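This report refers to the structure that appears directly beneath it.
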Amino acid sequence: MSESILIRGGTVVTAEGEFRHDVLVIDEKIAAVGPDLEAPAGARVIDAGGSYVMPGGIDPHTHMELPFMGTVASEDFFTGTSAAAAGGTTMCIDFAIPAPQESLLEAYNKWRGWAEKAACDYSFHVAVTWWDDSVREDMITLARDHGVNSFKHFMAYKNAIMCDDETLVNSFKTAKELGALCTLHAENGELVYVLQQDIYEKGITGPEGHPLSRPPEVEGEAANRAIRIAEVLGVPVYLVHTSCIDALEAVTRARLEGQRVFAEVLAQHLVIDDSVYRNPDWNTAAHYVMSPPFRSKEHQDALWRGLQAGMLQTTATDHCCFCTPQKQAGLEDFRKIPNGTGGIEDRMSILWHHGVRTGRLTPSEFVAVTSSNTAKIFNIFPQKGALIAGADADIVIWDPAKTRTISAETHHQNIDFNIYEGMEVTGNAAITLSRGLVVWEDGELKTVRGRGRYVNRPCAAPYWDSQGKRNTLAEPTKVERTLPKPS
Ligand code: URQ
Ligand code: ZN
Ligand code: ZN
């Protein structure tokens, strides 16, 4: 049962600015935000003096308990959303990924079942991994009846979940009718496949072969191709884990020409470079095998500039955990190392320490890129990503002076290593509330298994197309839109 809580004396930070305001929480909602609020009888009063009070982080890219490359990610929806809360993140958008020929709706229902154990709120992008008329029908059903407004396309992972241009075109056209957003893992899977063979046959079998098989050009080509297809079809796109200059340039060109292109950057791609693959210890180098791979230093600098310039709008983690024994499936062949790294617990501190404390981002910009922009792009603002009356009480009380050293010894993620091992970060979550319940305080997790809820994300309000025709295919019929009631 949540309680009434008055968060007093803090500095409220939203994407719009900073305010010396109190925040009153009643049950699961924010009841009021403003100066000198009264505490109702029986309310708990939290003194937030010296701290920032911000919307809880939203991570738009996670893979809890993902079945992938012959194994299953070690982090489940309860442990993963709990670790998120410890770092100030109160919602994640995960992925339902059907195998080719598997119904999208069945995959979605399967993932919904797995997520029942979540401790904080969640939603799902649904992947289009194949095409026939039934896929189109499932997309319409998911958009209309299940609050799915984003469909994922993997342009990599040949012979697995990769979709070709024909599938991209068919899916993009359907998404346009729905007012849904197409998201993309942009790497040319055909090139990766050939490069992997060449590199392996040259005798390079270790983790150092992974980045060699996925150079920036491979990502840049796919990013540009997806953007151009979307341009011709007139549909918005969102590029996940933009990792390099080549892809960032494609995004920047399109946005400067007025095309509706969104792009995400992972916290780890902002601060870790490709020297990790040259670690002589096989296990340590394999820990960093993820796609797109970590890049050389100049790409990090460009990504930070892209984030500051607004060419990259969101930050994520692609939290997809495989423990060391799982990574060792690729001991003889880097192509068999399950791709993925963790990080959901550390994203906010990484962005604060390396973003705000270096002057790259203001606290408001930090809130925008860790929470509010994701809520707006995926159409759940201001229910999420906002501190206004009527919004869900997903709140983080952020201590800008609190320092910790990141380590697998102390993290709450269910994985036996941490990609930021040993990194000291200043700026950490002191208290986290998930829909009004304190789930993290005094270094203790107080999450409740199964208390997390699925968040409906209605398709964008049907728009007027260039012929002045109102598109109503996805007029949400059964999807509840939880908007704040005017106070
Ligand atoms: O590609 C993804 O986003 C999933 C399969 C996680 N793995 C990864 O290496 N990024
Ligand atoms: Zn991906
Ligand atoms: Zn991913």
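The values are calculated or read from the model by the stated rules, or taken from the named source; none is laboratory data. Just so it is clear, the structure is predicted and the values come from calculations on it, not from any experiment. With ideal geometry, Cβ positions are generated from the backbone for all residues, glycine too; neighbour counts draw on all protein chains shown. SASA here: full protein model, heavy atoms, side chains in, ligands and nucleic acids out. Shrake-Rupley method; radii C 1.70, N 1.55, O 1.52, S 1.80 Å.
Results, tabulated for the structure shown:
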| quantity | calculated |
| --- | --- |
| Surface share of carbon and sulfur [accessible, 1.4 angstrom probe, percent] for the chain | 51 percent |
| Burial order of peptide ranges 54-62, 125-133 (average beta-carbon count within 10 Å, highest first) | 54-62, 125-133 |
| Per residue accessible area of the chain, 1.4 Å probe, in Å² | 36 Å² |
| Fraction of the pair-distance distribution of region 165-291 above 24 Å, Cα-Cα pairs, percent | 36 percent |
| Distance histogram in 5 Å bins (all Cα pairs of region 368-456, percent per bin) | 3, 12, 16, 20, 21, 17, 9, 2, 0 |
| Pairs beyond 19 Å (Cα-Cα), from Lys29/Lys117; Lys29/Lys152; Lys152/Lys173; Lys202/Lys336; Lys297/Lys327; Lys117/Lys446 | Lys29/Lys117; Lys29/Lys152; Lys297/Lys327 |
| The chain, helix-only ellipticity at 222 nm - DSSP H runs n ≥ 4, -39,500 (n - 2.57), divided by all residues, nearest 500 | -8000 deg cm²/dmol |
| Region 206-237-region 135-178 distance, computed between alpha-carbon centres (Å) | 17 Å |
| Region 350-393: proportion of alpha-carbon pairs further apart than 12 angstrom, % | 59 percent |
| Region 1-113, Cα convex hull volume normalised per residue, Å³ | 144 Å³ |
| Region 73-129-region 368-427 distance, computed between alpha-carbon centres (Å) | 18 Å |
| Projected area averaged over orientations for region 113-216, convex hull of C-alpha atoms, nm² | 8.9 nm² |
| Share of Cα-Cα pairs in region 311-371 lying beyond 16 Å, as whole percent | 55 percent |
| Of the DSSP H helices in the chain, those whose Cα atoms cover at least 30 Å axially and whose Kyte score averages 0.5 or more | none |
| Radius of gyration, Dmax [region 232-385; alpha carbons; angstrom] | 16.5, 49 |
| Within region 4-19, backbone nitrogen closer than 18 Å to the virtual label 7 Å beyond the Cα of Asp36 toward Cβ | 7-12, 19 |
| Isotropically averaged projected area of the chain, using the convex hull of Cα atoms (one quarter of hull area), nm² | 21.3 nm² |
